[in-house]
Every structure is written in structure tokens, then in C-alpha cells.
Amino acid sequence: MRTRRIGTALGLLVLVFGGLARADPPEAKTPTPSPREQGLAWLGTHANPDGSWGRTHTTAVTGLACLAYLASSDDPFEGARAKPLVDGLGFLLKQQDHGVFPKQGHTGIHGQGFATLALSEAYGRTLFGGPKPDLDLEKLKKTIDLA
């Protein structure tokens, strides 16, 4: 009797687990983009025509947006995301005057810091090989030195 119970239990286990292994796979679903991917997609569609982001504090906001793009990839200057990034960096390069980015709002320190950090990170990425941005790298270096 005991052997019969063990045999029945083993048979049930084989049926349950064997059935799970042979079950048809669930339908393939399109993966939901990660929050990071959604944020970068939003940035790409909300850039201003001049390459900047934001309305009043464009230097600081553009610096932050460029930093987001730079942090998202080992090769940020290739692929679909390269254009908004390069446009944003180009905007920042045009904003600096003798080492100072324009004061926007009550202070210029955020714009100065975020823009300088974004340009520095972008320049640093060009030193390790890989795709280069469509920017004047000498001007980029001089702008960083002045900032």
C-alpha cells in the first residue's frame, strides 16, 4: 500500500512538473521601455529648435539634458540619440562669452556648472576613441578651459 502511494505521488509530480516544462510559451510581448529610455525619448522630442531645452533657464536645463544623454551610453555620439546631444552641446558652445555662460533667473551658477560639466564630459568621451561628435573639438576644449 505504501509503495502504491509513493508511486502515485511520484506520478503526480511527473505529470505536474513535466506538464509545466512542456507548456506552450506565453505570447511574446513587446517589452515596456525602461523609465530611462522613456525619459530620453521625451527629451528627444521636446528639444527647442536651437538645440536647447527649457524655456527660461535654458543653459542649466540643456546642460542637464546633455548629461543625461552622455550617461545613457558608452558611445553617446552614435545612433538616434546623437543628434539631440550634439545640438545641445552646440547650443552650449554658442552661449559662453569669455568663460561665462549667461545669467538666467536670479543666479548664473547653475547654468555655469551644468554647462561646464556637460561640455567637459563630452570632451572627455572624445579622448577614448569611438565615434566623435560633429563639433569643433578645439573650440570645445577652449570653451571648457575658459569656463
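The values are calculated or read from the model by the stated rules, or taken from the named source; none is laboratory data. Owing to the predicted nature of the structure, the values given are computational and were not obtained by experimental measurement. Virtual Cβ from ideal backbone geometry, glycine too; neighbours counted across all protein chains shown. These area figures cover heavy atoms from the full protein model, side chains too; ligands, DNA and RNA do not enter into them. Shrake-Rupley method; radii C 1.70, N 1.55, O 1.52, S 1.80 Å.
Below is a table of values for the structure above.
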| item | result |
| --- | --- |
| Among (1) more than 19 Å from the chain's Cα centre (by Cα); (2) open to solvent by 20 Å² or more (accessible area, probe 1.4 Å); (3) more than 26 Å from Pro35 (Cα to Cα) - the single one Asp134 does not satisfy | (1) |
| Enumeration of residues in the range 82-99 that are in contact (Cβ under 8 Å) with a residue 40 or more places away in the chain and open to solvent by 70 Å² or more (accessible area, probe 1.4 Å) | His98 |
| Near pairs, Cβ below 8 angstrom, 6+ apart or cross-chain, from the range 125-143 (among the charged types (D, E, K, R)) to any residue that is assigned to a loop (DSSP other than H, G, I, E, B) and surrounded by 12 or more Cβ atoms within 10 Å (Cβ to Cβ) | Arg125/Pro76; Arg125/Phe77; Lys132/Phe77 |
